[in-house]
Every structure is written in structure tokens, then in C-alpha cells.
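Dropping the structure in here first, questions after.
The values are calculated or read from the model by the stated rules, or taken from the named source; none is laboratory data. Keep in mind it's a predicted model, so treat the numbers as computed, not measured. Quick reminder, even Gly has a Cβ in these numbers, built from the backbone with ideal geometry, and neighbours come from all protein chains shown.
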Amino acid sequence: MYKIAVGSDHAGVDYKNKLKDHLEMIGYGVVDVGTNTHDSVNYPNFGAAVGKKVASGECKFGIVVCSTGIGISIAANKVRGVRCGIAYDDEVARLIRAHNDANVIAFGQNRMNYEDCERRLDIFLNTQFDGGRHATRVDLLCSIEEDKLDC
């Protein structure tokens, strides 16, 4: 199987470690970019590190976890080629893959229970991109430049 990058800040380290164990148990290779401590760290470093592993092709997918999932997902999305969404329910976990071809999934340890995160990760990993009209939209996402927006 392919590799998946995982990263979190101190507020997401417990879920990151559990999700990492889950991935290894079902046969995925995992690249853990940290953190591995509850000491305060800056989430942008870890969101970007996961994003870079995915954008480079070293890892097919990424998982990021912080307190809410918001900050670390913003950081991951700053890496060109990354499409990260927060899986706040099961249908969203499916749709971020099916409609947005997301390659990174985000969770909020302080806002979600672990069992939901694990189930949503499995949904994400087992959902294929629908393509079709969604491919046009993903292509547009991938070509956006700050000063060339058509809106």
C-alpha cells in the first residue's frame, strides 16, 4: 500500500498517534512528521510538513490534527497542490474526496470523538474522486493565483 503522512500540534497529538496506529494496523505505511509531545508547538509547521509530503508525491494522502482542525488545515492548504478539508461528519468525509479530490483530511481533537475520526478516515481513504464536472472545478482550484481570480 501507499504511504500516508500524519502530523499534529500538541492539541492533536493523541488522535494523531491513534490514527497512525490504525493506519499501520490496516496495512498503510505512515510518515509521521510530528509533533510527538504535549509541549506547546506551532501548528503551521506540522500542517505544512504534511502538505509538503503529499505535494512532493512521497505520500499519497495526509492527515492533520489540531484542537479544531481549522488552523492546521489552513496551513496544509498553503502548500501548492494540497486540497485539505475538515471531516466534521461522515458525508463531508466522503464528499471532500468525491467532489474535491482532497488529498489531506483534517480533524479537531477537542471537537470530535476519536471513533468518529477513525470512521471518517476510513470513508475518506475508500472514496474515489468522481471526476466529471468536479474535475473542472478541481482544475480551477489548482490554477488559482491571487491576482488572477475570476470573481
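Just wondering, is there one or more residues in the range 131-142 that are out of contact with any strand residue (DSSP E or B) (no Cβ under 8 Å at 6 or more places or on another chain), at pLDDT 95 or above and not in a strand (DSSP E or B)?
Our first condition is that a residue be out of contact with any strand residue (DSSP E or B) (no Cβ under 8 Å at 6 or more places or on another chain); within the range 131-142, this holds for 131-142.
This time we only want the ones that are at pLDDT 95 or above, so: none.
No, there is no match, as no residue in the range 131-142 is out of contact with any strand residue (DSSP E or B) (no Cβ under 8 Å at 6 or more places or on another chain), at pLDDT 95 or above and not in a strand (DSSP E or B).
Can I ask one more? Being buried (at least 16 other Cβ atoms within 10 Å of the Cβ) and either out of contact with any Cys (no Cβ under 7 Å at 6 or more places or on another chain) or β-branched (Val, Ile, Thr) (or both) is true for just one of 99, 38. Which residue is that? First the steps, then the outcome.
Values: 38 fails: buried (at least 16 other Cβ atoms within 10 Å of the Cβ).
Just one listed residue meets the conditions, 99.
Name the residue that is farthest from residue 114 (Cα to Cα), counting only residues in the range 1-34 that are buried (at least 22 other Cβ atoms within 10 Å of the Cβ) and of a type in the set (Val, Ile, Thr).
Top of the filtered list is 33.
Surrounded by fewer than 21 Cβ atoms within 10 Å (Cβ to Cβ), touching a Lys or Arg at 6+ places or on another chain (Cβ under 7 Å) and β-branched (Val, Ile, Thr) - does that describe any residue in the range 60-78?
yes
Here's another thing I want to ask about it. State the number of residues belonging to the range 3-19 that are basic (Lys, Arg) and either in contact with a Cys (Cβ under 6 Å, 6 or more places away or on another chain) or free of Cβ contacts under 8 Å to residues at least 40 places away in the same chain (or both).
Of the residues in the range 3-19, the ones basic (Lys, Arg) are 3, 16, 18.
Those still in the list that are either in contact with a Cys (Cβ under 6 Å, 6 or more places away or on another chain) or free of Cβ contacts under 8 Å to residues at least 40 places away in the same chain (or both) too: 3.
Here the count works out to 1.
For every residue, the table says whether it meets (1) in a helix (DSSP H, G or I); (2) among the hydrophobic types (A, V, I, L, M, F, W, C); (3) within 17 Å of residue 30 (Cβ to Cβ).
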residue: 45; (1), (2), (3): yes, no, no
residue: 65; (1), (2), (3): no, yes, yes
residue: 75; (1), (2), (3): yes, yes, no
residue: 91; (1), (2), (3): yes, no, no
residue: 102; (1), (2), (3): no, yes, no
residue: 107; (1), (2), (3): no, yes, yes
residue: 111; (1), (2), (3): no, no, no
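What are the residue pairs meeting all of these: first residue in the range 69-95, first residue more than 14 Å from residue 7 (Cβ to Cβ), second residue of a type in the set (Ser, Thr, Tyr), Cβ atoms under 9 Å, and 6 or more apart or on different chains?
Correct list of pairs: 81/56; 85/73; 86/68; 86/73; 93/127; 94/127; 95/127.
Can you name every residue in the range 1-43 that is under 16 Å from residue 103 (Cα atoms), in a loop (DSSP other than H, G, I, E, B) and either touching an Asp or Glu at 6+ places or on another chain (Cβ under 8 Å) or modelled with pLDDT under 95 (or both)?
Matches in the range 1-43: 1, 2.
A further question follows. So the check is Cβ under 7 Å with 6+ separation or different chains; which pairs have a first residue in the range 110-121 that's exposed (fewer than 13 other Cβ atoms within 10 Å of the Cβ) and a second one that's in a helix (DSSP H, G or I)?
Taking only residues 6 or more apart or on different chains, not a single pair turns up.
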